[in-house]
Amino acid sequence: MYDPLLNTLIAVADCGSFSKAAEMLYLSPTAVMKQINTLERRLDLKLLDRAPSGAHLTKAGAQIYRDAKFLIDYSKKSVESARAAEAASETTFCVGTSLLNPAKPFMDLWYRFNKEFSNYKLHLVPFEDNHEGILSEIERLGTKFDFLIGVCDSKAWLSRCRFLPLGRYEKMIAVSRDHPLAAKKRLAVEDLHGETLMMVSPGDSGVNDFIRNDLEKNHPQIRLENTPPFYDLSVFNRCAESGKVLLTLSCWQEIHPGLVSIPVDWDYSIPYGLLYSLDAPEDVLRFVKTVQASL
């Protein structure tokens, strides 16, 4: 920001004397003269001509006077803009969105409850569904974004965030459009006999581990192939290109144009909901409580 001593220069120039400027600034005339002397030494310029009739700006002083007026005005506007930006950030919810975890379900919630948060705006923040980097994205809840909505029974995810369940998505099977099963409207588990079923590796998801154990015990005719613990688009590409079948979800039916998702005669589903920081601020918690009260 500007040098505060410029205020003293402006006061002396406007008043025409050190004594009158001193009265306006609630300083002694000696203190005002010292401040002007300090400013002149700092700039290495003579800014005022002193005379018994008063103090008058030199040519250099007049230039500094004009620029100081501009600097003061600009500085005030800059501070006002900074405060407005700070206020805007304090009244904005940032919502993460990605291909596999779109913000659409959050928007549905928002339009139900935004009257209670009328001074808040939403800002959508895109992120990548990269299976190698997704955990670092989850850890950025509270900094990069305030909320995500996604499928979650992952132990790794739940150790890094809080989770409010909102519902469940049906487990389905995805196959390429030219796969023999693609013409079926619904599958029996036995339709998967002889197929290679791609699903997440064991150990992180209770639901998927339960499905794996059931299939291994009761349907050994289905070959199981591990994917990374978290899906990304590469998993869907692999399914489309390999002729294998993929354990997927009802919410992901439009993820890959080369795949068809088919319901199965089983009762498997997985929870989805609102994800937020372990140390979420009060306004985030207030929104969560508002949603929770409606469930």
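The values are calculated or read from the model by the stated rules, or taken from the named source; none is laboratory data. Quick caveat, the model's predicted, so the values are computed rather than measured. Note that each Cβ is placed from the backbone with ideal geometry, even for glycine, and that neighbours are counted across all protein chains shown. What goes into the accessible areas is simple: the full protein's heavy atoms, side chains included, and nothing from ligands, DNA or RNA. Shrake-Rupley method; radii C 1.70, N 1.55, O 1.52, S 1.80 Å.
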Exercise. Any chance the stretch 107-121 includes a residue that's among the hydrophobic types (A, V, I, L, M, F, W, C), within 13 Å of the chain's Cα centre (by Cα) and either surrounded by 12 or more Cβ atoms within 10 Å (Cβ to Cβ) or closer than 20 Å to Tyr276 by Cα (or both)?
Worked result: no
For this session: For Lys171, work out the one condition from (1) of a type in the set (Lys, Arg); (2) within 19 Å of Leu249 (Cβ to Cβ); (3) part of a loop (DSSP other than H, G, I, E, B) it doesn't fulfil.
Result: (3)
Problem set entry | strands (runs of 3 or more DSSP E) contained in the stretch 84-158 and holding at least 1 residues touching a Gly at 6+ places or on another chain (Cβ under 6 Å) and within 20 Å of Ser205 (Cβ to Cβ) | 148-151
Exercise. Does Asp146 fit the bill of being open to solvent by less than 50 Å² (accessible area, probe 1.4 Å), in contact with a Ser or Thr (Cβ under 7 Å, 6 or more places away or on another chain) and of a type in the set (Asp, Glu)?
Worked result: no
Seminar exercise, completed: Log entry, pairs with first residue in the stretch 124-138 being on the phi < 0 side of the Ramachandran plot, second being among the small types (Gly, Ala, Ser) and open to solvent by less than 60 Å² (accessible area, probe 1.4 Å), beta carbons closer than 7 Å, six or more apart or on different chains, reads Leu124/Ala103; Val125/Gly96; Pro126/Ser98; Phe127/Gly96; Phe127/Ser98; Glu128/Ser98; Asp129/Ser98; Leu135/Ala156
Problem set entry | Cβ-Cβ under 7 Å pairs, at least 6 apart or on other chains, the stretch 2-19 side in contact (Cβ under 8 Å) with a residue 12 or more places away in the chain, far side among the hydroxyl-bearing types (Ser, Thr, Tyr) | Tyr2/Ser75; Leu5/Thr38; Leu9/Tyr65; Ile10/Tyr65; Ala13/Tyr65
Exercise. Is there a residue being more than 30 Å from Leu246 (Cα to Cα), open to solvent by 20 Å² or more (accessible area, probe 1.4 Å), in contact with a Cys (Cβ under 8 Å, 6 or more places away or on another chain) and touching a residue at least 40 places away in the same chain (Cβ under 8 Å) anywhere in the stretch 150-159?
Worked result: no
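Matching residues to (1) touching a Leu at 6+ places or on another chain (Cβ under 9 Å); (2) charged (D, E, K, R):
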residue: Ala183; (1), (2): no, no
residue: Arg186; (1), (2): no, yes
residue: Leu192; (1), (2): yes, no
residue: Asn208; (1), (2): yes, no
residue: Cys239; (1), (2): yes, no
residue: Gln253; (1), (2): yes, no
Problem set entry | Condition met for Asp153 (modelled with pLDDT of 95 or more, acidic (Asp, Glu) and out of contact with any Lys or Arg (no Cβ under 7 Å at 6 or more places or on another chain)) | no
